[in-house]
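Right, one structure below, let's go through it.
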Amino acid sequence: MYKKILFVFLLFMGLQTHAQSTIQNDVLIQKVKNFYSWYKINYSKLDNFILYKGNGEYDDPPYKINWKTVEQYFAFIRKNVPALGEAFITWHRNDFKRIDEDFKLYPTEEIPIGFDYDRIVGGQVGVEEIVDYAFPLTGKWKVVIKGNTAMVICTFETLDYETSKMVEANSKTELKKENGVWKIARTIGMIEVDEYKAAQKKEIGITI
């Protein structure tokens, strides 16, 4: 009788844990969807910040990061985009430092390194099209959590222009807990599934 009661109790606890996990996953997926829906409409508010400038005539290269504007950009994010956390800002600040060094290494490069694509969703076409394509509301969404880090993955089909075949691809968004609240820490561009699985081992150790 005791073993039967214990089994029922453990089964109940397992179901409760699974239910809680499902609810948390749904919350994270919805948080990510909400952010990209917001960005699709409001991306121009972030694009208004001129984050780099040229030293040459007519704002030509060599380029350099406009650090004063960068801090204004971060202040705007903190105030107006609560879905993005401090880890997101740290990631971008470090990337801007890397880009500033690249500007010094390649002073005659006319294409501004790191700014020839949308920095949030990637790609060189319209943001609206990228969001609809790489973050479809009807895509297959999945969450993988490891400690205080979560990866929200959207799997969808895309055309491989080299083979003219439809292949699976992923868009993914990394979140981290900050003061007990999940915040977006990194937005990662679209990559094919096989490439994603190979790259995972070099990132945060989350597997699918």
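Observations on the model:
- Check on residue 142, modelled with pLDDT of 90 or more, under 14 Å from residue 33 (Cβ atoms) and open to solvent by 80 Å² or more (accessible area, probe 1.4 Å): yes
- Taking segment 155-188 as the range and being more than 14 Å from residue 84 (Cβ to Cβ) and among the aromatic types (Phe, Trp, Tyr) as the test, the residues that pass are 156, 161.
- When each of 204, 208, 191 is tested for being part of a loop (DSSP other than H, G, I, E, B), at pLDDT below 80 and touching a helix residue (DSSP H, G or I) at 6+ places or on another chain (Cβ under 9 Å), the lone residue that passes is 208.
- Leading residue by the ranking (modelled with the lowest pLDDT) among those in segment 47-70 that are surrounded by 12 or more Cβ atoms within 10 Å (Cβ to Cβ) and assigned to a helix (DSSP H, G or I): 47
- Any chance residue 156 is surrounded by 13 or more Cβ atoms within 10 Å (Cβ to Cβ) and either among the acidic types (Asp, Glu) or in a helix (DSSP H, G or I) (or both): no
- For segment 145-168, the condition holds for no residue, the condition being that it is touching a Cys at 6+ places or on another chain (Cβ under 9 Å), closer than 29 Å to residue 93 by Cα and at pLDDT 80 or above.
- Residue within segment 88-102 that is open to solvent by 70 Å² or more (accessible area, probe 1.4 Å) and in a loop (DSSP other than H, G, I, E, B) present: no
- Some residue of segment 101-115 being over 23 Å from residue 30 (Cβ atoms) and within 19 Å of the chain's Cα centre (by Cα): yes
The values are calculated or read from the model by the stated rules, or taken from the named source; none is laboratory data. The model shown is predicted, which means the values in this text are computed figures rather than measured ones. No Cβ is skipped: glycine too gets one built from the backbone with ideal geometry, and neighbour counts run over all protein chains shown. We work out accessible area using only protein heavy atoms, side chains counted, and drop any ligands, DNA or RNA first. Shrake-Rupley method; radii C 1.70, N 1.55, O 1.52, S 1.80 Å.
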